[in-house]
2 protein chains.
Amino acid sequence: MHIVTATTKLKNDRLLRALRREPVDATPIWIMRQAGRYLPEYRATRERAGSFLKLCKTPELACEVTLQPIARFDLDAAIIFSDILTIPDAMGLGLNFVEDEGPRLERPLRDVASIKRLRVPDAEQELGYVMAALRMTRRELGGKVPLIGFSGSPWTLATYMVEGGGSKTFSKVKGLLYDQPEALQHLLDVTADSVAGYLNAQVAAGAQAVMIFDTWGGVLSTEAYHAFSLAPMQRIVDQLHRQHQGKHVPVTLFTKGGGAWLEAMANTGCDALGLDWTVEVNTARRQVGNRVALQGNLDPCVLYANPDRIKAQAAKILAGFGRGPGHIFNLGHGIHPDINPDHVKVLVDSVHDLSRPYHAG
Amino acid sequence: MHIVTATTKLKNDRLLRALRREPVDATPIWIMRQAGRYLPEYRATRERAGSFLKLCKTPELACEVTLQPIARFDLDAAIIFSDILTIPDAMGLGLNFVEDEGPRLERPLRDVASIKRLRVPDAEQELGYVMAALRMTRRELGGKVPLIGFSGSPWTLATYMVEGGGSKTFSKVKGLLYDQPEALQHLLDVTADSVAGYLNAQVAAGAQAVMIFDTWGGVLSTEAYHAFSLAPMQRIVDQLHRQHQGKHVPVTLFTKGGGAWLEAMANTGCDALGLDWTVEVNTARRQVGNRVALQGNLDPCVLYANPDRIKAQAAKILAGFGRGPGHIFNLGHGIHPDINPDHVKVLVDSVHDLSRPYHAG
């Protein structure tokens, strides 16, 4: 399988070119959580799977839903369908999804002893279902668009591992941060090494770009962000195999609410930064210069509006980035489950149409 | 009553001096949600009241809990105990609190017709219980510390009025924003005028400073923040009676997650800005110069740590602001209900002790 995928020529390389800040004919677009509940075909597969976790852990089904938005829309990338909590699950914390309540870890880390016991999982063994899904999807894509792999950031994973699920206040994990920073540091070190191994295995299995989702870095103070979210991401970037079969594998860092720290993020040596919608793309570009590509950043709620308003908002972001390469259009966060899929088509097609003038000549 | 309060000399004027950027002997401190569930005496009064809403609407009880933290700690201000949703309640939307689930509005605004029907409530009549609580508290304080009045910002109130309660995605109110901006604009205009009237009535009833809590401004894009959160706050600032009985009444604006917009906020002509903990206080001070005082910004979760670590974190913020007047110490958001009150005492006393060198000579 590896040989087949490595020699299949990519028919649409806009994403990889934009990530390398090379010229493109139109701005590439993909959508965070593009394989998701807003699609009726996703809901049908999810129903067949029986549970969200079963969907994640069955390579054939994960592959199927990964490909659904690619069949429906003119998207420039596929992103493997999975969950950010696969690593804590592989570490033995026991992942479960409670309907309408989000993820739960059955055995959260509530003392230093349980943190000390954490081990880096063997990605090929314990997360083999993700690698199988990647291999299958890469083969099925047949070079139509590139395939993105991903992981949660160590800090973001740590919030779930300590809280046991989502949180509004992050009291437990931040209590650890302020009262026992050495214990949190150990947790983050083990998790960073786990993420690095996981992403490297994803690249070996066919991921042509990788992204680290730091969903909760924005709840930290600047000092704490640098120490407990950015430093572990740096540790990952340093361990990533950035070359695979002669190709550069770009890495994108995305800290939601991280608008104040873009320069520091760019200094990690990553290839691109994800932007949420609270940041202005022209301000971000001024801050990071040509060091990295930028991905984003339409407010997901714009997709509730009518097509003309969606086009107008997309046009503003394209104008904000302006001419030249290095922009990947996306939402500033995952698409909401009650969005009309027709509105997604409007967005995807508008971004291609409206962006051509910025790449001409 | 008015005559008594107006002639009672304020024994501790650190807060008002700091808000005017005048020299003080030590940095004043108060704590957002200082009258709250972390205090056993609050829980006892809340129990007696029967419900949270009853506690808000009974002036004697609201006064009682307002004074509790002042009796226990060496705080430099009292803030009237109330809820930010009193205005939507007075507008007839029907406020209720579901235990452990937060506020619910029984009749949320789900169409343009219901938005068009909104009227500015008469603060003295329909929010008279807040004014009664302020008059009583001001009298009971006897000039010990100044009394702060407050309101939610129009955008923040609008999120609850449209969503019907708290939200993770703000889909409904942002759907309105992107699809029917004129309707949202009308809602915000009426709400801004309501807040202005409400705060002016609070000042007449004894509030010596006022604060506008924009809890949810940070979920907006920069453009949307300016149009739909900051502009309505500007409308309020322009209508506020900034002089009362010969005294300047300072107004503080606080947008949680608004770190990128501090200069624009300072340009409203407000007296001070609240900072959440994601902003560095020295960076903020550089940005706004001497136009406004700054309030904040300890991560509320620092109070989970042991006393030495609390002191160290407080010291960092004091050093961050540095010498000179214009700093009011506070948390970057409300105190969590499971904080040990002894830790609050450590913080309050540490801020006074550690700040004196910055105000000496």
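The values are calculated or read from the model by the stated rules, or taken from the named source; none is laboratory data. Small disclaimer: the values here were computed from a predicted structure and weren't measured. A quick note on method: Cβ atoms are made from the backbone with ideal geometry, for glycine too, and the neighbour counts reach across all protein chains shown.
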Restricting attention to the range B:337-352, the residues that are of a type in the set (Asp, Glu), assigned to a helix (DSSP H, G or I) and touching a residue at least 40 places away in the same chain (Cβ under 8 Å) number exactly 1
Please specify each residue of the range A:291-323 satisfying the condition of being in contact (Cβ under 8 Å) with a residue 60 or more places away in the chain and of a type in the set (Gly, Ala, Ser). A:Ala293
Any residue at all in the range B:338-348 that's surrounded by fewer than 18 Cβ atoms within 10 Å (Cβ to Cβ), more than 14 Å from chain A (Cβ to nearest Cβ), at pLDDT below 95 and more than 16 Å from the chain's Cα centre (by Cα)? no
Of the residues in the range A:225-248, those that are buried (at least 24 other Cβ atoms within 10 Å of the Cβ) and small (Gly, Ala, Ser) come to A:Ser229
For the range A:281-293, check the following and say yes or no: at least one residue is within 11 Å of chain B (Cβ to nearest Cβ) and over 21 Å from A:Asn267 (Cα atoms). no
Among the residues of the range B:144-161, is there at least one that is assigned to a helix (DSSP H, G or I), at the interface with chain A (Cβ under 9 Å from one of its Cβ atoms), buried (at least 24 other Cβ atoms within 10 Å of the Cβ) and of a type outside the set (Phe, Trp, Tyr)? no
Residue satisfying all of: in the range B:162-171; more than 18 Å from B:Ala227 (Cβ to Cβ) and assigned to a helix (DSSP H, G or I); farthest from the other protein chains (Cβ to nearest Cβ) among these: B:Glu163
Here are the criteria: (1) farther than 30 Å from B:Leu298 by Cα; (2) in contact with a Ser or Thr (Cβ under 7 Å, 6 or more places away or on another chain); (3) at the interface with another protein chain (Cβ under 9 Å from one of its Cβ atoms); (4) not hydrophobic (A, V, I, L, M, F, W, C). Tell me which single one A:Asn306 does not satisfy. (2)
Pick from the range B:349-361, criterion among the hydrophobic types (A, V, I, L, M, F, W, C) and more than 15 Å from B:Asp299 (Cα to Cα), ranking: nearest to the chain's Cα centre (by Cα): B:Leu354
Wholly within the range B:258-336, helices (runs of 4 or more DSSP H) carrying at least 1 residues that are more than 21 Å from the chain's Cα centre (by Cα): B:281-288, B:307-321
Kindly indicate the residue of the range B:309-331 that is in contact with a Ser or Thr (Cβ under 6 Å, 6 or more places away or on another chain) and either surrounded by fewer than 24 Cβ atoms within 10 Å (Cβ to Cβ) or among the aliphatic types (A, V, I, L, M) (or both) and also farthest from the other protein chains (Cβ to nearest Cβ) among those meeting that condition. B:Leu318
Take the range B:294-303 and flag every residue that is more than 10 Å from chain A (Cβ to nearest Cβ) and touching a Ser or Thr at 6+ places or on another chain (Cβ under 8 Å). B:Gln295
Would you confirm, using the coordinates I've provided, whether B:Leu262 is aliphatic (A, V, I, L, M), within 22 Å of A:Trp261 (Cα to Cα) and in contact with a helix residue (DSSP H, G or I) (Cβ under 6 Å, 6 or more places away or on another chain)? yes
Per-region count, the range B:194-244, residues within 14 Å of chain A (Cβ to nearest Cβ), assigned to a helix (DSSP H, G or I), of a type outside the set (Val, Ile, Thr) and within 16 Å of B:Thr156 (Cβ to Cβ): 9
Quick check: is even one residue across the range B:25-38 surrounded by fewer than 18 Cβ atoms within 10 Å (Cβ to Cβ), farther than 21 Å from B:Leu134 by Cα and more than 21 Å from the chain's Cα centre (by Cα)? yes
For the range B:281-306, give me each residue that is over 24 Å from B:Val251 (Cβ atoms) and either touching a Leu at 6+ places or on another chain (Cβ under 9 Å) or of a type in the set (D, E, K, R) (or both). B:Asp299, B:Cys301, B:Val302, B:Leu303, B:Tyr304, B:Ala305
Scope the range A:245-257; condition in contact (Cβ under 8 Å) with a residue 12 or more places away in the chain and not in a strand (DSSP E or B); matching residues: A:Gln245, A:Val249, A:Pro250, A:Lys256, A:Gly257
If a residue must be away from every other protein chain (no Cβ under 14 Å) and over 21 Å from the mean Cα position of the chain (by Cα), how many such residues does the range A:172-193 contain? 3
Close pairs (8 angstrom Cβ cut-off, 6 or more residues apart or separate chains): closer than 24 Å to B:Leu275 by Cβ in the range B:30-51, of a type in the set (Gly, Ala, Ser) and part of a loop (DSSP other than H, G, I, E, B) anywhere: B:Trp30/B:Ala77; B:Met32/B:Gly334; B:Arg33/B:Gly334; B:Gly36/B:Gly334
Members of the range B:255-282 that are in contact with an Asp or Glu (Cβ under 6 Å, 6 or more places away or on another chain), crowded, with 24+ Cβ neighbours inside 10 Å and not β-branched (Val, Ile, Thr): B:Trp277
